[in-house]
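Everything on this sheet refers to the single structure shown next.
Here, each number is a calculation from the coordinates, and none is a lab measurement. Here the structure is a predicted model, which is why all the values come from computation and not from measurement. Positions of Cβ are backbone-derived with ideal geometry, glycine not excepted, and every protein chain shown enters the neighbour counts.
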Amino acid sequence: MSLSILHDFLDFLDASPTPFHAVENLKQMLDEEGFTELCERDSWVLQRARKYYVIRGASIIAFVCGDQDEIENCPLRLIGAHTDSPCLKITPLPDRSAHSYLQLGIEVYGGALLNPWFDRDLSIAGQVSYLNDDGELISRLINFRRPVAVIPSLAIHLNRDVNGKKSVNPQTELRPIITGGDKLPAFRDLLKRQIRLEQSKNSDVAEILDFDLCLYDTQRAALVGMDNQFITSARLDNLLSCFVAIWSLKNYSGSGTSLVVCNDHEEIGSRSSSGALGTLLNDVLVRLYPHDIARQQVLRRAIMISADNAHGIHPNYPSVHDEGHGPIINRGPVLKFNANQRYATSSKGASWLRCVAKSGGKAVPLQSFVTRADMGCGSTIGPLTASNSGIEVIDLGVPTFAMHSIRELAGAEDFSYLMALFDRFLKA
């Protein structure tokens, strides 16, 4: 794999502070490779060997149609990932003034590690809807792109027990400071000013109607380690899987039908119109295969990878892993198993993928993960998609440290391994 692809990924991470931005950047990758955008409100006329994508909210599905006249005769391979990551979202009426500081009210999105959010140079990004001075309703992406907020820690002199035990009350302790002074501006006025800076049109912002905004760390994604063997960034879970899946799809040259779905809202249960429990994937499959029986037959033969980061064994905390199931960073993607179907991987599916990993030249190494029997287990879009579609799903991801922190760590070699595996999988 070219080192330039890895640097393209780092740039993608920096340019994708929210799911909306991630989808916009994935869309740009597809546009550059000649994919055609579809609209769900329109009729679709799909042609063999053509490339398409459709966007719903902050979710995207891209696919390449098989090259046979009857698409039902082409094998179907799918890769699923998710565009969202745990973060701090700004509340609808966020203005909080105290002691000459303007702070913002927040909600915690997903299962975030909260302590790492203190003392970071934070910015704001997301989607804003407003009326312009012509009375038009406009929705657009916004990104301040510079440090505009900070959540300062309380000095140790005022909290002597902080290093012994530190719990965080998000309602009272995670309000960021964005400005100070005797006369504090309204947050919506600051949004208006930013929109004016970003937009190229002459029309002005008359009224901010609503927004979907979050805080993010402005520290850029980077390669770290003496030999640059690690990737460190926010949102590695799960933008790494999204990027590699779309990259593999746009370079796909096989004869079968290949599809990538990147859902929003995985971190909060997937219960939304654009989440894995929504209708997006099924709606696209119905358009691809309009005849019920033929579609059922295709889906029974189809195989899907649910790509989501796995917990690498941490050298400081090895006891939280099951003996024999401690994935090591840069030793290959991780097959995830759970007896209670928190992961969808079956022994049959895992065995098939192990054969795929060994095909086509040098084998892609695979590792295995199960949660300790005395600990709970997270989940993915894998079981949800499997139960809704009947597709054979394999849960897999790259080993990661500090998952759900404001800054996570994964392996540069695992990035390459995952890309090689996806390339082989789509052609299998």
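Numbers for the structure displayed
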read-out: Kirkwood Rh and Cα Rg combined as Rg/Rh, region 270-408; value: 1.01
read-out: Restricting region 284-384 to chymotrypsin sites (Phe, Trp or Tyr not before Pro) in coil, as DSSP defines it, with at most 13 other Cβ within 10 Å; value: none
read-out: Convex hull volume per residue for the chain, taking Cα atoms only, in Å³; value: 161
read-out: Point-charge dipole on Cβ atoms (K/R +1, D/E -1) for region 204-353, about Cα centre, debye to 20; value: 920
read-out: Gain upon complete extension [Gln47, Ser359; 0.36 nm per residue less C-alpha separation]; value: 109.3 nm
read-out: In Hz, Karplus ³J(HN,Hα) per residue of region 103-108 (6.51, -1.76, 1.60; θ = phi - 60°; x = Gly, Pro); value: 10, 10, x, 10, 10, 7
read-out: Calculated FRET value between Arg301 and Met375, using beta carbons and R₀ = 45 Å, to 0.05; value: 0.80
read-out: Contour minus Cα-Cα distance for Leu113 and Ala155 (0.36 nm per residue); value: 13.1 nm
read-out: Rounded, prolate or oblate (a/c below 1.5 giving rounded, otherwise prolate when a/b exceeds b/c) for region 227-316 by Cα gyration tensor; value: prolate
read-out: For region 47-101, size of Cβ-based charge dipole, Lys and Arg +1, Asp and Glu -1, in debye; value: 240
read-out: Ranked His7, His265, His82, His404, criterion: other C-beta atoms within 10 Å, fewest first; value: His7, His404, His265, His82
read-out: Inter-site label distance for Glu323 and Cys39 at 7 Å from Cα along Cβ, in nm; value: 6.2
read-out: Where labels lie 7 Å past Cα in the beta-carbon direction, separation of Ala339 and Ser253 in nm; value: 4.7
read-out: Lys pairs under 21 Å by Cα in the chain, provided they are eight or more residues apart or on distinct chains; value: 14
read-out: Least to most buried among Thr371, Thr36 (fewest other Cβ within 10 Å first); value: Thr36, Thr371
read-out: Options Gly326, Gln171, Tyr252, ranked by Cα towards positive dipole end of the chain, top entry (Cβ charges); value: Gly326
read-out: Amide H partners (placed H, <5 Å) of Gly269, local residues excluded; value: none
read-out: Electrostatic dipole magnitude of region 13-96 [Cβ: Lys, Arg +1; Asp, Glu -1; Cα centre; debye, to 20]; value: 300
read-out: With Cα atoms, 0 to 90° folded angle of helix 347-358 axis to the chain main axis; value: 90
read-out: Fewest-first ranking of Ile106, Ile305, using other Cβ atoms within 10 Å as the exposure measure; value: Ile106, Ile305
read-out: For region 304-375: rounded, prolate or oblate by the Cα gyration tensor [a/c cutoff 1.5]; value: oblate
read-out: Set of region 396-428 residues, backbone N closer than 19 Å to the point 7 Å along the Cα-Cβ line of Lys348; value: 396, 428
read-out: Span from the region 274-347 Cα centroid across to the region 25-72 one, whole angstrom; value: 23
read-out: Acute angle (nearest 10 degrees) that the helix 3-14 long axis makes with the longest principal axis of the chain, alpha-carbon atoms; value: 50
read-out: Distance in nm between pseudo-label sites at Leu3 and Arg146 (7 Å out along the Cβ direction from Cα); value: 3.2
read-out: Whole-Hz couplings from phi, Karplus 6.51/-1.76/1.60, listed for region 376-387; x for Gly and Pro; value: x, 10, x, 9, 9, 6, x, x, 5, 5, 4, 6
read-out: Whole-angstrom gap from region 90-117 to region 153-171, using each part's C-alpha centre; value: 17
read-out: 222 nm mean residue ellipticity, helices alone, for the chain (DSSP H n ≥ 4; -39,500 (n - 2.57); rounded to 500); value: -8000 deg cm²/dmol
read-out: Region 87-217 shape via C-alpha gyration tensor axes, a/c threshold 1.5; value: prolate
